[in-house]
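**Q** Here you go, one structure.
The values are calculated or read from the model by the stated rules, or taken from the named source; none is laboratory data. This is a predicted model, so every value here is computed, not measured. Note that each Cβ is placed from the backbone with ideal geometry, even for glycine, and that neighbours are counted across all protein chains shown. In case anyone asks, the SASA skips ligands and DNA or RNA and just uses the protein heavy atoms, side chains included. Shrake-Rupley method; radii C 1.70, N 1.55, O 1.52, S 1.80 Å.
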Amino acid sequence: LDTEFTGLYSTFPQSSEPSLFDSPVERYLKIRQSVQRFTVTQLGLAIFSKENSNKFYTLSLCGELFLVIIFERYFSFHFSIQFLSHYGFDYNKFLKDGIPYMNEVQEKIFRQHLLAGSWTFCSTSAVNRDVLRKVIDEVTCWIAVAEEEETMILQDLSDYHVLEVQLVLRQALQNVWTEPLGNKKVMVKKVSPHHRQLLENSSCDPCQMELILLSARGFTNLFQILVEAKKPLVGHNMLMDLMHLHDKFYKPLPESYEEFKRNIHNLFPVIIDTKTITKSMKKNYLFPRVSSLSEVYAVLCSSSLNPKDPLWPVIALASDCSRYAEKEFPHEAGYDAFLCGSVLLMSAHLLLCRSTEDSLEAHPSFSQYLAVLAEHVNQVNFIRGGVSSINFSGEDAPCHRPPALVVHVQGWPGLNERQIYQEFKGLCHFDVRRLSKNQFILLSNKYKQLVLRDYKHHPHLPVSVYRHWRHSPRVNCLLQVSGIVALWSLLAFVLGGTPS
């Protein structure tokens with residue numbers, strides 16, 4: 001699975017940006033703000049099925065998402081407009097032909113409106129409003145001169161508009177009846193109010209409440225099938241994907257980080273993040289330093305890591321997805337989902353070969369692949385933070401990295417975090433946080449010892465290793481208070497009385 005968004009991280013307030021100082025709870029709350037602010041523009045699924053030998057057939061589904069059919073959803077566009085446009089993303093298609101969706105809370109509200117007959121359409125897209133306005137004008141002019149039982153055909157509607165147009169016309173005009181004809185067409189018939197009432201009460205009305213709800217749920221119907229199937233869900237760097245899945249198709253994200261983890265684990269008991277797997281492989285195997293999913297895929301397809309192994313997994317694309325074999329489509333959700341599954345299979349095969357003393361004699365089963373990936377199951381990559389990965393089936397393991405450094409500012413008043421960052425960025429990429437008026441903490445995943453060497457005796461910015469008992473303001477405050485109490489106690493003992 002892969003998703004594309006209208007934005008990644010909210011920049012307001014500035015403190016919401018990711019930092020090495022973030023605990024999992026702090027990072028979750030930061031991303032939660034962004035997920036609530038941004039929406040999903042595209043969701044891709046690649047479904048892999050093992051046929052014979054070690055040949056996997058994959059079908060990639062790519063749905064452009066999603067404007068909620070009833071609820072007015074104002075969402076933000078951030079840097080991703082330029083980013084996705086660079087890779088050919090069709091925003092017109094997203095806004096015009098987007099598939100609806102709703103979470104459980106929205107569905108409950110929608111159902112209440114349907115039962116009460118108090119629903120209204122609030123399309124955020126100007127394209128949608130123009131289509132509806134044009135259809136209503138066309139039908140209103142026609143019905144003024146039409147005879148009863150006379151019909152007209154509306155053509156070239158999108159799948160989304162087929163339902164919306166029918167509901168809007170029925171609500172606006174009491175003497176019309178509508179039926180979908182397929183091929184993006186809707187039949188409109190002029191009827192008497194009595195005939196209209198009979199048709200509405202019939203069991204074959206295509207706009208019955210449950211059918212309306214089914215259509216309004218849109219992609220949520222497929223999401224529910226994925227949940228019920230309990231198949232392994234594979235992604236790459238997928239924390240934000242999981243948070244959007246929860247928020248958009250299940251329930252609004254809870255404030256509790258632990259509750260979010262429990263919910264996701266109940267929805268998808270087996271999650272595999274290929275970013276976590278490839279990070280581990282870099283440490284244990286001769287795996288080059290690559291960052292993007294497409295680079296990882298290229299490395300695993302190369303001759304250096306992919307020897308002529310007759311049992312190497314072969315991935316055959318369904319005919320509708322054959323273009324993925326001919327050309328790269330980075331940041332198209334269906335293509336990236338295809339890469340995720342391919343990287344998983346090739347990585348698992350490589351790990352299985354390395355873990356077996358003897359060469360493989362038979363085509364591995366997917367169960368064998370899952371077994372060799374066991375330590376990575378439900379471990380989702382955590383970008384630059386207090387843990388290396390989030391464990392959706394247990395406690396998060398702490399991150400192992402170099403100790404923090406503390407900068408002591410001397411004779412340089414008014415220095416801030418940004419200035420400290422500018423001073424040290426040439427030596428290493430640090431995250432900076434103010435510790436006290438004249439002290440700053442530096443954190444990095446990896447830094448060179450020359451930072452300590454060159455700045456140990458710096459006249460204005462001496463640097464030393466951070467020691468909690470020595471540098472923590474709370475510890476210093478506690479020591480000062482303890483010192484005062486001890487001094488009073490000593491004076492009381494010397495003077496032979498108790499101070500008032």
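**Q** On a straight-distance basis, which lysines could pair with K108 in a cross-link, Cα separation under 27 angstrom, same-chain partners fewer than 8 positions away excluded?
**A** Correct list for K108: K96, K230, K248, K251, K261.
**Q** At a 1.4 Å probe radius, carbon and sulfur cover how many percent of the accessible area of the stretch 405-466? Numbers along the way, then the final one.
**A** On the way: 1860 of 3610 Å².
Its accessible area is 51 percent carbon and sulfur atoms.
**Q** Continuing with this model, one more query. Pull up the cross-link candidates among the aspartates and glutamates for K446, meaning alpha carbon to alpha carbon under 14 Å and not fewer than 8 places away within one chain.
**A** D431
**Q** Once R0 is set to 51 Å, what does the formula 1/(1 + (r/R0)^6) return for the Cβ-Cβ distance between L490 and K283, expressed as a FRET efficiency to the nearest 0.05? Mind dumping the intermediate values first?
**A** Numbers: r = 55 Å, r/R0 = 1.08.
In this case the efficiency is close to 0.40.
**Q** Send over the per residue convex hull volume for the stretch 121-209, Cα only, as a whole number of Å³.
**A** Dividing the Cα hull volume of the stretch 121-209 by its residues yields 93 Å³.
**Q** Something else now. Name the lysines eligible as straight-distance cross-link partners of K190: C-alpha to C-alpha under 19 Å, and not fewer than 8 places from it in the same chain.
**A** Here the lysines satisfying the reach criterion relative to K190 are K134.
**Q** Can you tell me how much longer the chain between E26 and S436 gets when fully stretched, taken as 0.36 nm per residue apart minus their C-alpha distance, in nm with one decimal?
**A** 145.5 nm is the gain from fully extending E26 to S436.
**Q** Treating only the Cβ of Lys, Arg, Asp and Glu as charged (+1, +1, -1, -1), what charge dipole size does the stretch 121-209 show about its Cα centre? Round to the nearest 20 debye.
**A** Details: 9 positive and 13 negative charges, 41 e Å.
Dipole about the Cα centre, nearest 20: 200 debye.
**Q** Here's something else I'd like to know. Can you list the HN-Hα couplings for the stretch 397-410, worked out from phi with the Karplus curve (6.51, -1.76, 1.60; θ = phi - 60°), rounded to whole Hz and with x for Gly and Pro?
**A** Listing the rounded values in order: 7, x, 8, 9, 8, x, x, 5, 10, 10, 9, 9, 7, 10 Hz.
**Q** Continuing with this model, one more query. Calculate the spin-label point distance for D320 paired with D137, positioning each point 7 Å from the Cα along the beta-carbon direction, and give it in nanometres.
**A** The two pseudo-label positions are separated by 3.6 nm.
**Q** A further question on this structure: Suppose each label sits 7 Å from its Cα in the direction of the beta carbon; what would the S367-D130 distance come out to in nanometres?
**A** 5.7
**Q** Along the charge dipole of the stretch 268-408, Cβ charges K/R +1 and D/E -1, which of S342, I271, H408 sits furthest on the positive end?
**A** H408
**Q** Can you tell me the convex hull volume per residue for the stretch 186-312, based on C-alpha atoms, in Å³ to the nearest whole number?
**A** Once divided by residue count, the hull of the stretch 186-312 is 226 Å³.
**Q** Let me ask you something else. With contacts defined as alpha carbon pairs under 8 Å and 6 or more residues apart, what's the relative contact order of the stretch 121-209 in percent? Write out the running numbers ahead of the final one.
**A** Working: 89 pairs, mean separation 25.0, N = 89.
It rounds to 28 percent for the stretch 121-209.
**Q** A further question on this structure: Would you list the P(r) distribution for the stretch 405-466, with all Cα-Cα distances sorted into 5 Å bins from 0 and each bin expressed as a whole %?
**A** 4, 20, 35, 29, 11, 2
**Q** How many Å² of accessible area per residue for the stretch 405-466, probe 1.4 Å?
**A** Values: 3610 Å² over 62 residues.
Solvent-accessible surface per residue comes out at 58 Å².
**Q** How much accessible surface area, in Å² rounded to 10, belongs to the heavy atoms of K184 with a 1.4 Å probe?
**A** Approximately 100 Å² for this residue.
**Q** Peptides 335-342, 146-153, 174-181, 266-273: what's the order by average Cβ count within 10 Å, highest mean first?
**A** 335-342, 266-273, 174-181, 146-153
**Q** To continue, here is another question. Ranking request for peptides 374-386, 33-45: highest mean number of other beta-carbon atoms within 10 Å first, then the rest in descending order.
**A** On the way: 374-386: 18.6, 33-45: 21.8.
Final packing ranking: 33-45, 374-386.
**Q** Tell me the carbon and sulfur percent of the accessible area for the stretch 121-209, rounded to whole percent, probe radius 1.4 Å. Please list the in-between numbers first.
**A** Working: 2440 of 4800 Å².
Result for the stretch 121-209: 51 percent of the exposed heavy-atom area is carbon or sulfur.
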